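*Asks:* Take a look at this one; I'll ask things after.
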């Protein structure tokens, strides 16, 4: 599997600027976008571009034979398409995708996900369960979670 071997992050209660949220356990599955869209590694960039535009998404899990092999972001796509002599109808997804994918379980604490994504400077975490892609957590999902948390009164 293409999932990065991410080490578990330890959070010290009271050791961060958001210590009053330390007792809150929000799980990834509460904010993930259920994955209904993925793309084959052998598809062309133009297919991914059209799919992203049609479904208003910025990240696509890339599969080969039903197994996760990478993630294609709209940023990766735009970068490759901007290169001279690149024809999006002839370049395959596996030539543009990221293969070092941050993968999590649905039960992973969202604080862990957000912290790790910030450290890696990555825009998404693929949610896996029993070897299958079941969702994706993106920076947009994390912003929604932050807004929900900030709306709640602090005790």
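The values are calculated or read from the model by the stated rules, or taken from the named source; none is laboratory data. No experiment lies behind these values; they were computed from the predicted model shown. Heads up, the Cβs are rebuilt from the backbone with ideal geometry, glycines too, and the neighbour counts pull from every protein chain shown.
*Asks:* Of the conditions (1) surrounded by fewer than 19 Cβ atoms within 10 Å (Cβ to Cβ); (2) in contact with a helix residue (DSSP H, G or I) (Cβ under 8 Å, 6 or more places away or on another chain); (3) modelled with pLDDT of 95 or more; (4) farther than 26 Å from residue 27 by Cβ, residue 97 clears all except one; give me its number.
*Replies:* (1)
*Asks:* For the range 129-143, which residues satisfy the criterion of being surrounded by 13 or more Cβ atoms within 10 Å (Cβ to Cβ) and more than 27 Å from residue 64 (Cβ to Cβ)?
*Replies:* Result: 142, single match.
*Asks:* So, in the range 131-155, exactly how many residues are at pLDDT 95 or above and over 25 Å from residue 56 (Cα atoms)?
*Replies:* Total meeting the criteria: 0.
*Asks:* Could you tell me whether residue 13 is surrounded by fewer than 16 Cβ atoms within 10 Å (Cβ to Cβ), modelled with pLDDT of 95 or more and either part of a helix (DSSP H, G or I) or over 16 Å from the mean Cα position of the chain (by Cα) (or both)? Explain how you work it out, then say what you get.
*Replies:* On the way: surrounded by fewer than 16 Cβ atoms within 10 Å (Cβ to Cβ): yes; modelled with pLDDT of 95 or more: no; either part of a helix (DSSP H, G or I) or over 16 Å from the mean Cα position of the chain (by Cα) (or both): yes.
In short, no.
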